[in-house]
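The values are calculated or read from the model by the stated rules, or taken from the named source; none is laboratory data. Just so it is clear, the model here is predicted, and its values are computed rather than measured. For accessibility, only protein heavy atoms count, side chains too; no ligands or nucleic acids. Shrake-Rupley method; radii C 1.70, N 1.55, O 1.52, S 1.80 Å.
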Amino acid sequence: MTVRAAGTFDRSANESIADLDALVVDVAKGDRSAFAEIYEAHSSLLFGICRQILKDEREAEDVAHDVFVSLWRAARTYDARKGSALTWLATM
């Protein structure tokens, strides 16, 4: 998969957030293409957050990987009323 920079959407930020929320709902239903779309759009951002916190590239890669595994396994626990899907992913 090719990782593109986060936030490269042509649409407004609100539409992007709503799209991500909908994609997480689709992941909860086992939609692999929705998972791939989330990964492509947000993996570099999440990796950057992990690298900044951990100060170690290898550990950051491991943690970012774990976040995406958690997304696949726990997408059904996401609740949009509690915050955006991007915030949910970042706090994992």
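With every protein chain kept in the model, how would you rank Asp62, Asp31 by accessible area, 1.4 Å probe, largest at the top?
Reading off the accessible areas and sorting them downward yields Asp62, Asp31.
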For this session: Using the Karplus curve 6.51 cos²θ - 1.76 cosθ + 1.60 with θ = phi - 60°, work out ³J(HN,Hα) for each residue of the stretch 37-51 in order, rounded to whole Hz, and write x for Gly and Pro.
Result: 5, 5, 4, 4, 7, 10, 5, 5, 5, 5, 4, x, 4, 4, 5
Exercise. Contour minus end-to-end for Val69 and Ala90, with contour as 0.36 nm per residue of separation and end-to-end as the Cα-Cα distance?
Worked result: 6.2 nm
